[in-house]
Number of protein chains: 2
Amino acid sequence: MTERKPRKDAVRNRAATLAAADALFAGCRSPEEVTMADIAAAAGVGKGTLFRAFGDRTGLIRALYEARLEPIRKAVEAGPPPLGPATPPLQRVPALLDAVLTFKLDNRHLALALEGTGDDSPYRAEHYERWHALLRDLLARIPGLTGSDFTAHALLAATRADLVEHLAGHKGVPREDLRRQLAGFTATILAAARAPATMD
Amino acid sequence: MTERKPRKDAVRNRAATLAAADALFAGCRSPEEVTMADIAAAAGVGKGTLFRAFGDRTGLIRALYEARLEPIRKAVEAGPPPLGPATPPLQRVPALLDAVLTFKLDNRHLALALEGTGDDSPYRAEHYERWHALLRDLLARIPGLTGSDFTAHALLAATRADLVEHLAGHKGVPREDLRRQLAGFTATILAAARAPATMD
DNA sequence: TTGCAATGCGGACCCGGGGTCCGTATCGTC
DNA sequence: GACGATACGGACCCCGGGTCCGCATTGCAA
């Protein structure tokens, strides 16, 4: 009912804008130095068009981000192990976190831009909710683990875009090292499930 | 040599500005809606004075933040246990993290404002470096724990201002609950030191 | 007390970027 | 080919961070 098929030039412009924005963000040190006018110009489009299509800056970035995230989302929702739903929690949790980390490594600019919008916290984004809920439920199914809700938040916090950027970008930690570190950290927590903590 | 004693009105204005800024940040939902002009007006001071005293917006916020942080810093550097240097790592690490969390709970507005400046990541701030180095060294002294550097980052990430705000502010998690959750999480990691993870 | 640098004050001003508006061009249909 | 609906684009507005410079205060010295 509220479904109006969009005009052809609209879709083309939308695609052009996304491509241009992606390129610009990828080629800049800080997402802040990419202005909306830049993107419009690079896409060969007027600013009005850009704002009509995405609402505002955050909308544009979010659209880019989710487009990139799509394959991973699918792999998680209905893919083969170790990411897919048929995997037991003890293997799936590390796989999920590694997927998130890998994604942020591959899309540093986007993740940074998204978290850096500043209008509201990244925790209100729906994709964060999804990741968190999934992780929490998996953790809850692991016997011996308590505080799955907070633990899920904490694990995801270890993959925050600016932390990844700081370690991989600024400090020069190699990709595989970072993955190993996160895997080790995750394993530490999961291992504790079998030898429950005594808060002495 | 480069030490010039400041004029009296300068110190008074500086103090007035800090007080006004603190009050304004405390009374607003989002730090973004407090403008420099607002602060200047509330302090009964011109914008020029404000920028002369603190350099820029980040400088002001940082000054506020560090002033508030001072007592904790001292307690950590040369205070009694469990925060002081005489405490063995297994007790001091949880104490430190709880202190950080408590501080952020008590100064949500400041912490949010500081992380939200957006000009560069919170990981470049010197106080972050201090916390991280201290935590890392403590963790390194715990036998059986590996990856102390990353673990320190991850633990601190669990106390990020916007996460705290999301849980305590938006989701309404009570203060004591949050502290317990973080304590539990920390304990989980420390406990794993005695029963090392087998990354099967 | 008065003179005189030096230091600080303040608010008018600038600038750059996000977001809007509306006359005009394009699309798609009849 | 014509005409309503839809989208375009860039001039325009607004607002906030940061600057500048003529003027006031301070503090030292005579």
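The values are calculated or read from the model by the stated rules, or taken from the named source; none is laboratory data. In this text, all values refer to a predicted model and were calculated from it rather than measured experimentally. FYI the Cβ positions are ideal-geometry reconstructions off the backbone, even for glycines, and counts take in every protein chain you see. Keep in mind that these areas ignore ligands, DNA and RNA; they rest on the heavy atoms of the full protein, side chains included. Shrake-Rupley method; radii C 1.70, N 1.55, O 1.52, S 1.80 Å.
Placing a label point 7 Å from the Cα of A:Arg12 along the Cα-to-Cβ direction, the distances to the matching points in the other copies come to 6.8 nm, shortest first. If you line up the long axis of helix B:8-26 against the longest principal axis of chain B, both from Cα atoms, how many degrees apart are they, to the nearest 10? Roughly 60 degrees between the two axes. For region B:62-78, backbone phi angles converted through the Karplus equation (6.51, -1.76, 1.60; θ = phi - 60°) give residue-by-residue couplings of 4, 4, 4, 4, 5, 4, 5, 6, 3, x, 5, 4, 5, 4, 6, 6, 7 Hz, Gly and Pro being listed as x. Between A:Arg141 and B:Arg52, the simple label model (points 7 Å from Cα in the Cβ direction) yields a spacing of 6.5 nm.
Expressed as a whole percent, the accessible surface of region A:1-55 that belongs to carbon and sulfur atoms is 53, based on a 1.4 Å probe.
Which FRET efficiency value, to the nearest 0.05, do you get for A:Leu90 and B:Ala10 by plugging their Cβ-Cβ distance into 1/(1 + (r/R0)^6) with R0 = 60 Å? Don't skip to the end; give the middle numbers.
Details: r = 61 Å, r/R0 = 1.02.
The calculated FRET efficiency here is 0.45.
With +1 on the Cβ of every Lys and Arg and -1 on the Cβ of every Asp and Glu, and nothing else charged, how large is the dipole of region A:1-55 about its Cα centre, in debye rounded to the nearest 20? If you can, show how the numbers build up before the last one.
Numbers: 9 positive and 6 negative charges, 86 e Å.
The calculation lands at about 420 debye.
Under the criterion of Cα pairs below 8 Å and six or more residues apart, the relative contact order for chain A equals 18 percent.
Look at the stretch A:154-164: the mean tally of other chain Cβ atoms within 10 Å of its residues' Cβ atoms is 6.
Keeping every protein chain in place, order B:Arg52, B:Arg12 by accessible area at 1.4 Å, biggest value first, i.e. largest first. Before the final figure, lay out each step's value.
Values: B:Arg52 210, B:Arg12 155 Å².
Order by accessible area, largest first: B:Arg52, B:Arg12.
Note on B:174-187: average number of Cβ atoms from other chains within 10 Å of each residue's Cβ is 3. Here the 3J(HN,Hα) profile of region A:34-42, calculated from phi with Karplus coefficients 6.51, -1.76 and 1.60 at θ = phi - 60°, is 9, 8, 4, 4, 4, 4, 4, 4, 4 Hz, Gly and Pro shown as x. Distances between copies at B:Arg52, taken between label points 7 Å from Cα along the C-beta direction, are 5.0 nm in increasing order. Note the angle between two axes, namely the Cα long axis of helix B:89-106 and the longest principal axis of the Cα atoms of chain B, as a number of degrees from 0 to 90, rounded to the nearest 10. Roughly 30 degrees between the two axes. The residues of chain B have, on average, 50 Å² of accessible surface per residue, using a 1.4 Å probe with all protein chains present.
Starting from the label point of B:Ala67 at 7 Å along Cα→Cβ, the same points in the other copies fall at 4.7 nm, in ascending order. Considering only A:Ala187, A:Phe51, A:Ile142, and ranking their Cα positions along the charge dipole of chain A that arises from unit charges at the beta-carbon of Lys, Arg, Asp and Glu, the one farthest toward the positive end is A:Phe51.
Note on B:Thr146: accessible area approximately 110 square angstrom, rounded to 10, probe 1.4 Å, nucleic acids and ligands left out.
Each residue of region A:54-59 was assigned a 3J(HN,Hα) from its phi angle through the Karplus curve 6.51 cos²θ - 1.76 cosθ + 1.60 (θ = phi - 60°); the sequence is 10, x, 7, 3, 4, x Hz, with glycine and proline shown as x. Taking springs between alpha-carbon atoms closer than 10 angstrom, which of B:Pro82, B:Pro94, B:Pro143 fluctuates most in the Gaussian network model of chain B? Among B:Pro82, B:Pro94, B:Pro143, the largest mean-square fluctuation in the Gaussian network model of chain B belongs to B:Pro143.
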